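Peer 1: Input: one structure, supplied below.
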Amino acid sequence: MKIIHSYWSKPAKATFNKNPTEKLNGGWRHPKYQYMSWALSCLSFKKYYDEIELVTDRAGEELLISQLKLPYTSVKVELDKLDDYPKKLWAIGKLCAFGLQNEPFIHVDNDVFIWEQFNKRIENAPLLAQHVDFDEGHYNFAMEHLKKNGIRIPQILQRDFKKYKRYNVSNAGIIGGNDIEFFKKFSNQAFEFIDSNIEYVNENIIGATYAIVYEQYLFSAMARSENIRIEHFIEDLRTENMDLSNFIRKYEKKKYVHLIAGAKSYFESCRELEQQLILEYPEYHTRIISLF
Amino acid sequence: MDARHFWRTISLGETINLDILEILKKVSGTNFDNFETDLKNLFSIVNSETKLGQNYLEMLCEIQAIEMEKFRLRDVKRTIEKVFREDLRLSAEREKLLVMDHKSLNNIRFILNPMVEIYESFWEWTVKESRQRSFNLENVLKEGKGDYYFLFERTGVYDHWLDTNVFEYPLTQYQYFLLQLFGEEREIQSVTNEFIETFDTFTFEEEQELLILTRRLIKELIFKKHIIRKY
């Protein structure tokens, strides 16, 4: 199974933003932690998977390959073509990466770390994601926010909500599967959604709020419309007891950490991330620190 | 003097219509040359300047003492680097401890990390990082007096945002009690037994559930390095 990281560098180059969910500068407490996260994520997946691909732009290649020397097995420099898009649309690099794939894959966010391989239920799934987001409030807010700001919601999302009366959205901390054709369709449909509303992406739009709709909600609704089941790595977040961002998970049953949402701005998360990197891959830590 | 270290004292003042910074400026001048000393005297200054209810005075006194303590604990750069190296050593040791089964862990002696200080307070001033952005003093006032617990940890990381290397962390009463039990070096088994004995359990199932919870709490303390192995 191929692992994918994607990195569109334009949003990260924006000035440091105090809102941790707005991923300008990646949402990190300090840029060095963003680099450490790239390193630990890449290296932790490389330990268990033979193939890990980076889809990025020229600046991303310069950072992650030339400077940090991360051991990706392949690099696709394809995301410079996104530079005419506003940096608020920071998740579109991922959507572009999906459309480029011709074999089964798992795309992982750069703040996801593992200490064991995924099981066959996940690796053999037609579609997979991290977990079902039970907090419907985010999506209620998102849809209202977008409509209020003139964004036209695609019919597929309107039909989905009318039918199910809830959002039932899969979190894309990890996302992928064996159904490549679905991902090509998803990538195309997501860009259609974004392109048809591009004039409305202004200072009023909250990028993170838009992202959960064009990325996660659209993915989930499209899977339902095609009757494709999504396998979730965490089958029930409530019963599997899980603060996903707690590094104690390294010593638990599912050895998986995701510094989800605001966690990447927390002192505790960043401190733990740094220590894990030093302990497991000290030469990469040294290299990152030398950049600051 | 960076007033951000006393944001809760200042915020409490604002909530009760008391401009703490103005009061201190009057006393110590606009450069806050004697900020620390004058903040320590804040209680009596406020009392003489304005009549506040006893509750507010107590709150002001308590949060001022807490923020002053946290400020006092900050380390200089050289010490922070030393703490960083020691913290790394403890993290490496933790790797071995957390893969041990309970039987092996039970006979190992642990002690409260000397970088950690634990405290009690009457109001809930300290919240988890995930709640800090929504921290609201009105809620603290609304909740009223109670028993709250927290710790300060001197870490090996200087945080530019907060201008400190001291991390604060809220505790449950159970975590606080366990940390107190490790005030002197103890074996895990001994602490587990003493902790469990404080609860009334009526069935074997309840006992087992309590044992599992206790082990989980201790595992978390080991993970956070709030307790460390004593050789």
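Peer 1: Within the stretch A:157-176, how many residues are surrounded by fewer than 16 Cβ atoms within 10 Å (Cβ to Cβ) and not aromatic (Phe, Trp, Tyr)?
Peer 2: Residues flagged as surrounded by fewer than 16 Cβ atoms within 10 Å (Cβ to Cβ) and not aromatic (Phe, Trp, Tyr) within the stretch A:157-176 amount to 6.
Peer 1: Kindly list, by first and then second residue, each pair from a residue in the stretch B:158-175 that is closer than 16 Å to residue B:5 by Cα and open to solvent by 70 Å² or more (accessible area, probe 1.4 Å) to a residue that is hydroxyl-bearing (Ser, Thr, Tyr) and assigned to a strand (DSSP E or B), limited to pairs with Cβ atoms under 9 Å and residues at least 6 apart or on different chains.
Peer 2: Once the first residue is closer than 16 Å to residue B:5 by Cα and open to solvent by 70 Å² or more (accessible area, probe 1.4 Å) and sits in the stretch B:158-175, its partners that are hydroxyl-bearing (Ser, Thr, Tyr) and assigned to a strand (DSSP E or B) give B:158/B:164.
Peer 1: On to the next question. Consider residue A:263 against the criteria (1) open to solvent by 10 Å² or more (accessible area, probe 1.4 Å); (2) over 17 Å from residue A:45 (Cα atoms); (3) aliphatic (A, V, I, L, M): it satisfies all of them except one. Which criterion is unmet?
Peer 2: Looking at each condition in turn, residue A:263 falls short on (1).
Peer 1: Here's something else I'd like to know. Among the residues of the stretch B:139-151, is there at least one that is under 21 Å from residue B:114 (Cα atoms), aromatic (Phe, Trp, Tyr) and in contact with a helix residue (DSSP H, G or I) (Cβ under 6 Å, 6 or more places away or on another chain)?
Peer 2: Yes, there is a match, as at least one residue in the stretch B:139-151 is under 21 Å from residue B:114 (Cα atoms), aromatic (Phe, Trp, Tyr) and in contact with a helix residue (DSSP H, G or I) (Cβ under 6 Å, 6 or more places away or on another chain).
Peer 1: Select from the stretch A:36-63 the residues that are within 15 Å of the chain's Cα centre (by Cα), in a helix (DSSP H, G or I) and within 18 Å of residue A:13 (Cα to Cα) and list them in ascending order.
Peer 2: Once the filter is applied, which keeps residues that are within 15 Å of the chain's Cα centre (by Cα), in a helix (DSSP H, G or I) and within 18 Å of residue A:13 (Cα to Cα), the stretch A:36-63 yields A:37, A:38.
Peer 1: Can you spot a residue in the stretch B:212-225 that is on the phi < 0 side of the Ramachandran plot, surrounded by 13 or more Cβ atoms within 10 Å (Cβ to Cβ), more than 14 Å from every other protein chain (Cβ to nearest Cβ) and in a loop (DSSP other than H, G, I, E, B)?
Peer 2: no
Peer 1: Quick check on my filter: what residues within the stretch A:213-236 are open to solvent by 10 Å² or more (accessible area, probe 1.4 Å) and modelled with pLDDT under 95?
Peer 2: Answer for the stretch A:213-236, where residues must be open to solvent by 10 Å² or more (accessible area, probe 1.4 Å) and modelled with pLDDT under 95: A:235, A:236.
Peer 1: Restricting to the stretch B:107-143, name every residue that is part of a loop (DSSP other than H, G, I, E, B) and in contact (Cβ under 8 Å) with a residue 12 or more places away in the chain.
Peer 2: B:107, B:108, B:113, B:115, B:122, B:123, B:124, B:125, B:126, B:127, B:128
Peer 1: Looking only at residues in the stretch A:64-94 that are part of a helix (DSSP H, G or I) and out of contact with any Leu (no Cβ under 9 Å at 6 or more places or on another chain), which one is most open to solvent (accessible area, probe 1.4 Å)?
Peer 2: A:81
Peer 1: Would you mention how many residues in the stretch A:237-256 are open to solvent by 50 Å² or more (accessible area, probe 1.4 Å), touching a residue at least 60 places away in the same chain (Cβ under 8 Å) and among the hydroxyl-bearing types (Ser, Thr, Tyr)?
Peer 2: 0
Peer 1: Can you find a residue that is surrounded by fewer than 16 Cβ atoms within 10 Å (Cβ to Cβ), touching an Asp or Glu at 6+ places or on another chain (Cβ under 9 Å), hydroxyl-bearing (Ser, Thr, Tyr) and over 15 Å from residue A:268 (Cα atoms) anywhere in the stretch B:179-201?
Peer 2: The answer is yes; a qualifying residue exists.
Peer 1: Would you pick out the residues in the stretch B:94-112 that are more than 14 Å from chain A (Cβ to nearest Cβ) and under 26 Å from the mean Cα position of the chain (by Cα)?
Peer 2: Within the stretch B:94-112, B:108, B:109, B:110, B:111, B:112 meet the criteria.
Peer 1: Related question: Just to be sure, is residue A:232 in contact (Cβ under 8 Å) with a residue 60 or more places away in the chain, more than 12 Å from chain B (Cβ to nearest Cβ) and touching a Gly at 6+ places or on another chain (Cβ under 7 Å)?
Peer 2: On the way: in contact (Cβ under 8 Å) with a residue 60 or more places away in the chain: yes; more than 12 Å from chain B (Cβ to nearest Cβ): yes; touching a Gly at 6+ places or on another chain (Cβ under 7 Å): no.
So residue A:232 fails the test.
Let's see how each residue does on (1) among the small types (Gly, Ala, Ser); (2) modelled with pLDDT of 95 or more; (3) more than 17 Å from the chain's Cα centre (by Cα):
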| residue | (1), (2), (3) |
| --- | --- |
| A:88 | no, no, no |
| A:94 | no, yes, no |
| A:99 | yes, yes, no |
| A:103 | no, yes, yes |
| A:111 | no, yes, no |
| A:117 | no, yes, yes |
| A:124 | no, yes, yes |
| A:127 | no, yes, no |
| A:130 | no, yes, no |
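Peer 1: If a residue must be surrounded by fewer than 15 Cβ atoms within 10 Å (Cβ to Cβ) and not charged (D, E, K, R), how many such residues does the stretch B:136-152 contain?
Peer 2: 4
Peer 1: Here's a follow-up. Pairs needed: first member in the stretch A:257-275, at the interface with another protein chain (Cβ under 8 Å from one of its Cβ atoms); second member anywhere, open to solvent by 10 Å² or more (accessible area, probe 1.4 Å) and of a type in the set (Val, Ile, Thr); C-beta distance under 7 Å; at least 6 residues apart or different chains.
Peer 2: Hits for this filter: A:262/A:21; A:271/B:157.
Peer 1: OK, next. Conditions first: (1) on the phi < 0 side of the Ramachandran plot; (2) acidic (Asp, Glu); (3) surrounded by fewer than 16 Cβ atoms within 10 Å (Cβ to Cβ); (4) within 14 Å of chain A (Cβ to nearest Cβ). Residue B:129 passes all but one, so which condition is the exception?
Peer 2: Of the numbered conditions (1) on the phi < 0 side of the Ramachandran plot; (2) acidic (Asp, Glu); (3) surrounded by fewer than 16 Cβ atoms within 10 Å (Cβ to Cβ); (4) within 14 Å of chain A (Cβ to nearest Cβ), the odd one out for residue B:129 is (3).
Peer 1: Given the criteria surrounded by 15 or more Cβ atoms within 10 Å (Cβ to Cβ) and at pLDDT below 95, does residue B:155 qualify?
Peer 2: It is false that residue B:155 is surrounded by 15 or more Cβ atoms within 10 Å (Cβ to Cβ) and at pLDDT below 95.
Peer 1: A further question follows. Condition check: in contact with a helix residue (DSSP H, G or I) (Cβ under 9 Å, 6 or more places away or on another chain), open to solvent by less than 10 Å² (accessible area, probe 1.4 Å) and in contact (Cβ under 8 Å) with a residue 40 or more places away in the chain. Does residue A:129 satisfy that? Before the answer, list the steps.
Peer 2: On the way: in contact with a helix residue (DSSP H, G or I) (Cβ under 9 Å, 6 or more places away or on another chain): yes; open to solvent by less than 10 Å² (accessible area, probe 1.4 Å): yes; in contact (Cβ under 8 Å) with a residue 40 or more places away in the chain: yes.
Yes; evaluated as a whole, the condition is true for this residue.
The values are calculated or read from the model by the stated rules, or taken from the named source; none is laboratory data. It should be emphasised that the depicted structure is a prediction, and the values quoted were computed from it without experimental measurement. Cβ: placed from backbone, ideal geometry, glycine included. Neighbour counts: every protein chain shown. When the accessible area is computed, the model is the full protein with side chains, heavy atoms only, and any ligands, DNA or RNA have been set aside. Shrake-Rupley method; radii C 1.70, N 1.55, O 1.52, S 1.80 Å.
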